[in-house]
Amino acid sequence: MTTLDFITALFYEVDEQMRAIPKHPEAHLWPSEVVTLGLLHALTLLEAIRKHDLAKKQIYSIVGAYSISIGVRAYGTKRP
């Protein structure tokens, strides 16, 4: 499934559910278009978070969490 196919299918499903909601006279977009854009934004954010978590796990598996924290102390702690 291409990206365009996915967006089209998502919009179709959202539009079917929100068909009865009228468009505000001053609005440029229909409510289903706004919801579709919001869902696409949320999916993009979730994908970025997933990639970040995956990268963090890979870095920790290579370097190890202990070696990263050597020499790092909590903010506000005094040196011994």
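Throughout, read-outs are computed from the coordinates displayed, never taken from laboratory work. Quick caveat: nothing in here was measured; it's all calculated off a predicted structure. Cβ: placed from backbone, ideal geometry, glycine included. Neighbour counts: every protein chain shown.
Neighbours of GLN58, meaning other residues whose beta-carbon lies under 13 angstrom from its beta-carbon, give a summed charge of +3 when Lys and Arg score +1 and Asp and Glu score -1. Annotation: extensible slack from HIS24 through LEU39 equals 3.4 nm (criterion: 0.36 nm per residue apart, minus Cα-Cα distance).
Summary of packing: across the peptides 12-20, 47-55, the per-residue average of other C-beta atoms within 10 Å ranks them, highest first, as 12-20, 47-55.
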